[in-house]
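None of the figures in this text is laboratory data; all of them are computed from the coordinates on show. Predicted model only: the values in this text are computed from it and were never measured. Every residue, glycine among them, receives a Cβ derived from its backbone with ideal geometry; neighbour counts consider all protein chains shown.
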Amino acid sequence: MAGTMSPLMEQINNGNWLPQQEAESLRDEFYYQNAVQAYVLTIPILNTIGLRDGSEDAFGKNVIGMFTDFYQRTITDVGAVGPDGAKGGLYLLLPPDYKQDVPKVYFAFKSSTNNVFLFFRTIMPPGDDGPEPAPAVANAEETRIYPLWASEKDVKPMEFPNGSGKHINMMYPTDNSYWTKLKAFVDYEPVESIDPVTRGILASVGIIKGFPFEPNDKQNAALQRAVEASPRMILAGRQLGWPDKRDLYYKDRQYLNTWAGATAEWMQDSYLDVIQRASYFQVAYSSSPAMVMRTIDLGSKYPFATRDANGEFLDGSNSYKLHLPPQPPAAQFWAVTAYNITDGTMTAAEQFMPSVNALDKVDTNSDGSVDLYFGPSQPAGAPDSNWIQTVDGLHFLATVRLYGAGVEFFDQTWKPDDLVKLE
């Protein structure tokens, strides 16, 4: 019928162009929103770049196992849950475009990025005064990393710098260097390393492989606003949790599962969980199948609490008690650690390390259970060995770390108690 407008025409200025000022304002807002999406989608990359750059600043280049690409997508686990089964072996990492034959003597894997992240955790055995680092260091130093064309006998032993007592900034940027580092990554890596949709979001803010990235003043301001607002948005989601409670480990406890039902690659049944992935990489790094799968006595689990037994946020100004039932199911060892809620760094109290583990000389109850204490000052009756110092005025999260998690964890016949606030 002549003269009839569609609903969309009626909704948008009766079928006419927008006023110039409104059009410019909406374009700027769209740029900002795309920048927020770009941040959420690429935080795993900048998380890894922060680790690399912080290590290089402290120790020099090429110091930085599991193997992941720079999107922190698992290439393979190494050791007990890897193909070598803790027996060691030859791993061959291949670039994204490698198409030649591969010798069968290797555990061969292709990375989707030219940059690769290698992360080792060597377990320290108990010593007379706590964990003994020397055997673990010696084990790590047996590692050799060299080009395929080289011969291992000609490769010098690797050097691992001692980072004990050093304060090293390995965080991703909080200013517009986030975008310049991301642009450098995009230029260096093959196009296929980032999916087309994410590349489209990046292109909408001017980050395109092989093209200059030259945001104007207004765009720079929007990019800075996105760098500041995006982590607050991610934090808000972590604070409020999922409405369906899929991130709860137990129905009767406050402990959370940072994968919230997703795989190690952040896949839910029918979609990529980009929000949960961003939540994880805001405070952690290195997601691997061994952290998600039910690998009895081999994988690691990290139930963590942000609230006490009454549902109140854990506050470093208060004192708390955490009861661990007898025989924590950890074939290697267990630990409890306090972290900052914002970025997952350890709480910086006067105490050397905000963590207690089974390799320490922990005070144990007669039934084998353990009572741990948190607080800005040592609570009355708390043994020195069982106290984790918090920072007055700062919220924190408490993580129960189980290395070599046993069947009792999976069937929930063993569960840590909630933290109880002490009066």
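Sorted by mean Cβ packing within 10 Å, highest first, what order do the peptides 280-289, 123-132, 147-156 take?
280-289, 123-132, 147-156
Output wanted: per-residue J couplings in Hz (rounded whole) for segment 229-238, from phi through Karplus 6.51 cos²θ - 1.76 cosθ + 1.60, θ = phi - 60°, x for Gly and Pro.
Karplus values, whole Hz, x for Gly and Pro: 7, 4, x, 5, 5, 4, 4, 4, x, 5.
Mind sorting PHE70, PHE119 by how few other Cβ atoms lie within 10 Å of their own Cβ, fewest first?
Going from least to most buried by this count: PHE119, PHE70.
Could you work out the relative contact order of segment 274-422? I mean the mean sequence separation of Cα pairs under 8 Å and 6+ apart, divided by the number of residues, in percent.
38 percent
So what are the ³J(HN,Hα) numbers for segment 194-200, from phi and the Karplus equation (6.51, -1.76, 1.60; θ = phi - 60°), rounded to whole Hz, Gly and Pro as x?
Those phi angles translate into 10, 5, x, 5, 5, 4, x Hz.
In percent, what relative contact order does segment 110-206 have, based on Cα pairs under 8 Å that are 6 or more apart in sequence?
It comes to 26 percent, rounded to a whole number.
How large is ³J(HN,Hα), in whole Hz, for each residue of segment 330-346 in order, when computed from phi with the Karplus curve 6.51 cos²θ - 1.76 cosθ + 1.60 and θ = phi - 60°, using x for Gly and Pro?
Karplus values, whole Hz, x for Gly and Pro: 9, 5, 9, 5, 10, 8, 10, 9, 9, 10, 5, 6, 6, 9, x, 6, 6.
Mind ordering 98-106, 304-312 by average Cβ neighbours within 10 Å, highest first?
The packing order, highest mean first, is 304-312, 98-106.
Can you tell me the convex hull volume per residue for segment 289-423, based on C-alpha atoms, in Å³ to the nearest whole number?
Here the figure is 113 Å³ per residue.
Below 8 Å, C-alpha to C-alpha, sequence gap of six or more: please give me the relative contact order for segment 69-132 in percent.
32 percent
Anything over 29 Å Cα to Cα? Flag those among LYS156/LYS361; LYS301/LYS421; LYS245/LYS415; LYS156/LYS209, in the order listed.
LYS156/LYS361; LYS156/LYS209
Find the centroid of the Cα atoms in segment 209-286 and in segment 288-313, then give the distance between the two in whole Å.
Cα centroid of segment 209-286 versus Cα centroid of segment 288-313: 18 Å apart.
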